[in-house]
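Q: Before anything else, here's the structure in question.
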Amino acid sequence: MKFISGTTDFKLHNSAVTLGKFDGLHKGHQILIHKIIELAGKGYQSVMFTFSYHPSNLFTNKEIGLIYTEMEKRHQLEKSGLDVMISYPFTKETASMEAEQFIKEVLIDKMDAKVIVVGSDYHFGYERKGNIELLEKLSEQYNYELIVFDKIESHNQVIGSTSIREEIKKGNMETVHELLGRPYSIIGEVLHGRKLGRTLGIPTTNLIPEEDKLLPPNGVYASKTIIDGKSYEGVTNIGYKPTVGADPRVGVETHMFDFNEDVYGKIIEVELYRLERGETKFQSIDELKAQMEKDIVFAKDYFRDYQN
Ligand SMILES: Cc1cc2nc3c(=O)[nH]c(=O)nc-3n(C[C@H](O)[C@H](O)[C@H](O)COP(=O)(O)O)c2cc1C
Ligand SMILES: Nc1ncnc2c1ncn2[C@@H]1O[C@H](COP(=O)(O)OP(=O)(O)O)[C@@H](O)[C@H]1O
């Protein structure tokens, strides 16, 4: 997959483009992505167009954690067979582009769009004035085909990034799994911790999520970790480790069962399946260790009962 980022200077040919924020790459997003990948089989170049800053952040100044950071989205899309991912700089200049100007200058001139695939509520351009009616109206003039998908539902509720974020904040990982069509996950590099894990007899991989990543509540989760394409069951703690001296930044720490390799420096993906309990400050390391052993039993039981 080609990744175009940090520049507005590119030229593509004969593309089938899908447009949006695509935070979470949830089941609704996947329909659009499958469509353009299917079109790639007919000779088009499949392209996903996103802006590199979350547009709602820029206008409201409100912190919005992302279900997937840009790096994570890229990592997931690498596996999908998409030809090109564009992360287009969202600046004052791009934000002030009129909708028709965006169609002409970006979709047509830079991307040579022949097919445009969007969701029914897609809005774009200055003041979000562009919509599917405008795309339809201009399709003949600019010679592209427009394909629009309705939003899909799960349990009578429209699937959307906002409601998935709410479920993540509540720690409802099973619901999130259902809505995303895959477990929620965190991707990062294995860093060095304090090396206490090994002395406890419970080694852990440590990673620090990116600043803009939306995390579920601090606590302990049944998890699977993907390393070099292989998946390992385990248990993950998210938090500051108050018992051993509170880290300044929130960490994601995983003990994998049946695993005994050095993985420092590797990029791993930690998938969270179920929340067991919140993070606690224990009075002693022995109490912490006893609880971690119970956590391991919890996660092993979970995978035995629900997964296999
Ligand atoms: C399953 C699991 C549960 C944990 N629960 C807590 C907890 O409730 N409170 C806490 O302070 N630390 C908790 N930790 C973090 C431990 O303090 C940490 O793994 C240990 O100190 C080793 O740290 P190190 O990797 O930096 O060497 C947990 C870790 C794991 C793997
Ligand atoms: N079962 C396992 N689960 C997690 N990490 C493991 C496991 N077995 C070996 N390791 C390795 O050991 C390291 C963790 O040891 P630990 O003493 O907890 O050190 P740290 O404080 O650096 O996390 C991991 O980064 C990984 O390379």
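None of the figures in this text is laboratory data; all of them are computed from the coordinates on show. Treat the numbers as computed from the prediction; the structure is a model and nothing was measured. In this analysis, Cβ positions are derived from the backbone assuming ideal geometry, glycine residues included, and neighbour counts consider all displayed protein chains.
Q: Amide H to amide H, which residues 5 or more places from Arg277 or on other chains are under 5 Å from it, using H placed in the peptide plane?
A: Val220
Q: Would you mind putting 230-239, 254-263 in packing order, based on average other-beta-carbon counts within 10 Å, highest first?
A: 230-239, 254-263
Q: Let me ask something else about it. Cα gyration tensor of region 86-186, axes a ≥ b ≥ c as square roots of the eigenvalues: rounded (a/c below 1.5), prolate (a/b > b/c) or oblate?
A: The shape class here is prolate.
Q: Work out the P(r) tail for region 1-150: percent of alpha carbon pairs separated by more than 29 Å, whole number.
A: 8 percent
Q: Quick one: in the chain, what % of C-alpha pairs are over 33 Å apart?
A: Counting pairs separated by more than 33 Å, the tail of P(r) holds 32 percent.
Q: Still on this structure, please answer the following. Would you list, by chain and number, the aspartates and glutamates whose Cα falls below 14 Å from the Cα of Lys294, excluding same-chain residues fewer than 8 positions away?
A: Cross-link targets: Glu276, Glu279, Asp286.
Q: Shifting gears a bit: Cut-off 14 Å, label point 7 angstrom out along Cα-to-Cβ of Ser80: give me the residues of region 1-34 whose amide nitrogen falls inside.
A: Residues 1-4, 16-34 qualify, since their backbone N sits under 14 Å from the label point.
Q: Calculate how many DSSP beta bridges within the chain are antiparallel, expressed in % of all such bridges and rounded to the nearest 5.
A: Given both bridge residues lie in the chain, the antiparallel proportion sits at roughly 60 percent.
Q: Sort Tyr88, Tyr306 so the one with the fewest other Cβ atoms within 10 Å of its own Cβ comes first.
A: Lowest to highest Cβ neighbour count: Tyr306, Tyr88.
Q: Under 5 Å between amide H atoms, partner at least 5 residues away or on a different chain: which partners does Tyr88 have, H built in plane at 1.01 Å?
A: Thr50, Phe51, Ser52
Q: Which Rg and Dmax, in Å, describe the Cα atoms of region 227-294?
A: 13.2, 39
Q: Which residues among region 225-255 fall inside the zone where the amide N is under 15 Å from a point 7 Å beyond the Cα of Glu211, along Cα→Cβ?
A: It comes to 249-250, nothing else.
Q: Write out the GluC sites (Glu not before Pro) in region 61-161 meeting two conditions: DSSP loop, and at most 13 other Cβ atoms within 10 Å of their Cβ.
A: Loop-located and lightly packed - Glu63.
Q: Below 8 Å, C-alpha to C-alpha, sequence gap of six or more: please give me the relative contact order for the chain in percent.
A: Averaging sequence separation for qualifying contacts and normalising by length gives 17 percent for the chain.
Q: Another question, if that's okay. Starting from the exponent 0.38 and prefactor 2.2 Å, build the expected Rg for region 183-307 from its residue count and divide its actual Cα Rg by it.
A: Compactness ratio reported: 0.97.
Q: Sticking with the crude label model, points 7 Å out along Cα→Cβ, report the distance from Ala290 to Ser154 in nm, one decimal please.
A: 3.9 nm
Q: OK, next. How many nm separate the modelled label positions at Gln141 and Glu105, each set 7 Å beyond the Cα in the direction of the Cβ?
A: 1.6 nm
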